[in-house]
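Have a look at the structure below before the remarks.
The values are calculated or read from the model by the stated rules, or taken from the named source; none is laboratory data. Keep in mind it's a predicted model, so treat the numbers as computed, not measured. A quick note on method: Cβ atoms are made from the backbone with ideal geometry, for glycine too, and the neighbour counts reach across all protein chains shown.
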Amino acid sequence: MSFSWARQYEPQTGVTKWLDERLPLPRLVYNAVGAGYPVPRNLNYMWNFGVLAGFFLVLQIITGVVLAMHYASDATVAFAKVEHIMRDVNWGWLMRYMHANGASFFFIVIYLHIFRGFFYSSYKAPREMIWLLGVVIFLLMMATAFMGYVLPWGQMSFWGAKVITGLFGAIPVVGEPLQVWLLGGFAPDDAALNRFFSLHFLLPFVIAGVVILHIWALHIPGSSNPTGVEVKKESDTVPFHPYYTAKDGFGLGVVLIVFAIMVFFLPNMLGHPDNYIEANPLSTPALIVPEWYFYPFYAILRAFTFDFFFVPAKLLGVIAMFASILIWFILPWLDKSPVRSGHYRPLFRIFFWILMADMALLFYLGGAHAEEPYIMLSQLATAYYFLHFLVILPIISQIEKPRPLPYSITEAVLGKDEQAAGNKPAETSA
Amino acid sequence: MAESTGTATADMIVGDGDDGVRRRDFINIAAVSFAGIGGAATLFPLISQMAPSADVLAESSTELDTGAIAPGQAIKAIFRKQPLFVRRLTAAELAEANAVGLDDLRDPQTLADRTKEGHGDVLVTMGVCTHLGCVPLGAAEGENKGEYGGYFCPCHGSHYDTAGRIRKGPAPTNLEVPEYEFTSDSVIRVG
């Protein structure tokens, strides 16, 4: 679906005319990310991150396929193979550093994309399906990133795998057999490493498939915008190309500068030195932590140090960690306010920033040692996290008095000047 | 027109029962059921292939001699590719472990429950924290033994006492005592 004023694709050459009648692929692209997709004229830079996430997915697939050409998922050689890539393979260091930092950047842009969704309530009707698919993509990304981090078979790889598969061991009755089945052994070893490699290769293509569904679902209502007011007329929109291809291109340039700084000058800043020690099942690193992008969820996992209502602490932590993401699935139905944008919701906006501060705290705590005061702070931050979604958000949407919304996107951008908005033809001057 | 071709049409096969059931319904249900059962049966090998393979299971028992372990000392061995702690308790550690009331324990077990008769001072446990599987500290000289003098898991801060029982922290149960037996006065076979 698109707006009635969307530009129609018209093949210009004999070849494109021939193709259009047989496989209208250029038409699909034209309507998806070309001039045929009318987009609100007022998108700010927070709307760049979807395209950036798509870029990093492609980058991860390309560099990942290259790395797979030089890697072997055998526990006796995996660690050495990564060093082989770093030292012997032509440009191998670049491929690996791009892949490792690319994962971090993928998560950075995805987090900003999600937080954009929180602030502008992008999850509200009629865009719930886009949001739900987005949460699915995020879960797939987490699984992919986790398994990818195991492949270098360093200390953090091994112990991370052990702790995370240990989560499944917390499930009553079936937990332990399930953990052994997932690992193909009693501890992470060859069997686990091989299956993680196989799935790490597969899942990005599954993600690409869900991304296509995500974009398909997006094109039905069209993009949201910072006012949260739906598109009403042609003057509210501009064609995606060239307006947003240019804006996204600029954003991509900025992000790539930062990315290049990381890859070339600080390639290990976001990693853990322990992972340059080969996996040793008999020695636990002093501090086992996942990659930084899992910190908030790891902090929630570790926050539960006490039994509650006969549920053991370990199981509680696991449930809370999964719930902290699964709760996003019901977000469209927790926030019942008819107003989308945080700009017009004075009370919501305050609590949005408190949630951001809370998540920043969880990010910090997830990487800290499991000792006081960090445990107590994790418990408070976890409690607030769930309080925000389950209590604060539904209450705000009941009691808040939103600020008046502009009549249209055009009015929000240009004021009530009808002439500037293009609704009235300009007066002919004398 | 039906008589002009050899092909059966829907109106030619109806009505061998008053309830509208046709012979073709049987074929449909039988064929789909057969394909369904066949499809489900292929899931079994697909799921089973992920379970531990024969070579992994073959390494499932370990023998070791506890004779050389002095009181207060512990050794780390490998059992099923996981660390195994064997510790000979000192008199003080034995007394400490036996002094604790069962009501104070998260996972109530006496020291006698966790050792073999006649070898009450030999504590054999997995070196795997029951929280999320890290290796607790305390088996080697100079390591942090935690607040209760047994083992301490550095990952998420679980403290185990001298009988390897959970006393503090997120771990739900005591350090697992694997199945083992004394094959002579000092040699144990685990698994």
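Restricting attention to segment A:274-288, does a residue exist that is loosely packed, with under 14 Cβ neighbours inside 10 Å and part of a helix (DSSP H, G or I)? Scanning segment A:274-288 turns up no residue that is loosely packed, with under 14 Cβ neighbours inside 10 Å and part of a helix (DSSP H, G or I). Run down A:200, A:219 and say which single residue is surrounded by fewer than 22 Cβ atoms within 10 Å (Cβ to Cβ) and within 24 Å of residue A:270 (Cα to Cα). Exactly one of A:200, A:219 is surrounded by fewer than 22 Cβ atoms within 10 Å (Cβ to Cβ) and within 24 Å of residue A:270 (Cα to Cα), namely A:200.
Taken over segment B:50-82, the criterion of being more than 9 Å from every other protein chain (Cβ to nearest Cβ), among the charged types (D, E, K, R) and under 24 Å from the mean Cα position of the chain (by Cα) is satisfied by B:55, B:59, B:63. Within segment A:184-197, the set of residues being over 14 Å from residue A:162 (Cβ atoms) and away from chain B (no Cβ under 11 Å) comprises just one member, A:197.
Being exposed (fewer than 15 other Cβ atoms within 10 Å of the Cβ) and touching a residue at least 12 places away in the same chain (Cβ under 8 Å) holds for only one residue in A:399, A:395, A:350, and it is A:399.
Taking the condition out of contact with any Leu (no Cβ under 8 Å at 6 or more places or on another chain), crowded, with 18+ Cβ neighbours inside 10 Å and either charged (D, E, K, R) or farther than 30 Å from residue A:227 by Cα (or both), does residue A:60 pass?
On the way: out of contact with any Leu (no Cβ under 8 Å at 6 or more places or on another chain): yes; crowded, with 18+ Cβ neighbours inside 10 Å: yes; either charged (D, E, K, R) or farther than 30 Å from residue A:227 by Cα (or both): yes.
Here the answer is yes, as residue A:60 does meet what is asked.
Restricting to segment B:116-139, name every residue that is at positive phi, more than 10 Å from chain A (Cβ to nearest Cβ) and crowded, with 21+ Cβ neighbours inside 10 Å. Result: B:138, single match.
Out of all the residues in segment A:229-271, which are in a loop (DSSP other than H, G, I, E, B) and either of a type in the set (Asp, Glu) or within 14 Å of chain B (Cβ to nearest Cβ) (or both)?
Step one: filter segment A:229-271 for residues in a loop (DSSP other than H, G, I, E, B), giving A:229-233, A:266-271.
Hit for segment A:229-271 is A:230, nothing else.
Out of segment A:294-316, which residues are within 19 Å of the chain's Cα centre (by Cα) and surrounded by 23 or more Cβ atoms within 10 Å (Cβ to Cβ)?
Of all residues in segment A:294-316, those within 19 Å of the chain's Cα centre (by Cα) come to A:294-300.
A:296, A:298, A:299, A:300, listed by residue number.
For every residue, the table says whether it meets (1) among the charged types (D, E, K, R); (2) within 14 Å of chain B (Cβ to nearest Cβ); (3) in a helix (DSSP H, G or I); (4) within 30 Å of residue A:172 (Cα to Cα).
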position	(1), (2), (3), (4)
A:317	no, yes, yes, yes
A:323	no, no, yes, yes
A:332	no, no, yes, no
A:339	no, no, no, no
A:360	no, no, yes, no
A:365	no, yes, yes, yes
A:368	no, yes, no, yes
A:395	no, no, yes, no
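Checking each residue in segment B:145-157 for being modelled with pLDDT of 85 or more, under 22 Å from residue A:374 (Cβ atoms) and either within 14 Å of chain A (Cβ to nearest Cβ) or not in a loop (DSSP other than H, G, I, E, B) (or both) picks out B:146, B:147, B:151, B:152, B:153. Residues that are away from every other protein chain (no Cβ under 14 Å), out of contact with any strand residue (DSSP E or B) (no Cβ under 7 Å at 6 or more places or on another chain), not polar (S, T, N, Q) and not in a helix (DSSP H, G or I) are absent from segment A:157-172 altogether. For segment A:353-392, a residue qualifies if it is of a type in the set (Phe, Trp, Tyr), surrounded by 16 or more Cβ atoms within 10 Å (Cβ to Cβ) and farther than 30 Å from residue A:285 by Cα, and the qualifying residues are A:384, A:389.
Among residues that are under 20 Å from the mean Cα position of the chain (by Cα), in a strand (DSSP E or B) and of a type outside the set (A, V, I, L, M, F, W, C), residue B:125 is included.
Can you say whether residue A:220 is within 14 Å of chain B (Cβ to nearest Cβ) and of a type in the set (A, V, I, L, M, F, W, C), as far as the supplied structure shows? For residue A:220, the condition - within 14 Å of chain B (Cβ to nearest Cβ) and of a type in the set (A, V, I, L, M, F, W, C) - is not met. Applying the criterion of being acidic (Asp, Glu) and either out of contact with any Leu (no Cβ under 6 Å at 6 or more places or on another chain) or modelled with pLDDT of 90 or more (or both) to the residues of segment B:115-144, the residue that is nearest to residue B:183 (Cα to Cα) is B:117. Within segment B:21-49, restricting attention to residues that are polar (S, T, N, Q) and within 18 Å of residue A:181 (Cα to Cα), the residue that is farthest from the other protein chains (Cβ to nearest Cβ) is B:42. When segment A:262-289 is filtered for residues that are modelled with pLDDT under 90 and touching a helix residue (DSSP H, G or I) at 6+ places or on another chain (Cβ under 9 Å), the ones remaining, listed by number, are A:280, A:281, A:283, A:284, A:285, A:286, A:287, A:288, A:289. Applying the condition of being under 21 Å from residue A:379 (Cα atoms) and among the small types (Gly, Ala, Ser) to segment B:158-172 and asking which residue is farthest from the other protein chains (Cβ to nearest Cβ) yields B:158.
Scanning segment B:132-191 for residues that are within 27 Å of residue B:65 (Cβ to Cβ) and of a type in the set (S, T, N, Q) yields a count of 5.
Has segment A:204-216 got at least one residue that is away from every other protein chain (no Cβ under 14 Å) and more than 24 Å from residue A:122 (Cα to Cα)? Yes, that holds for at least one residue.
For residue A:259, the criteria (1) at pLDDT below 95; (2) of a type in the set (Phe, Trp, Tyr); (3) surrounded by fewer than 22 Cβ atoms within 10 Å (Cβ to Cβ) hold in every case but one, which is (1).
State all residues of segment A:276-304 that are among the charged types (D, E, K, R) and within 14 Å of chain B (Cβ to nearest Cβ); if no residue qualifies, say none.
To start, the set of residues in segment A:276-304 that are among the charged types (D, E, K, R) comprises A:278, A:291, A:302.
Across segment A:276-304, the qualifying residue is only A:302.
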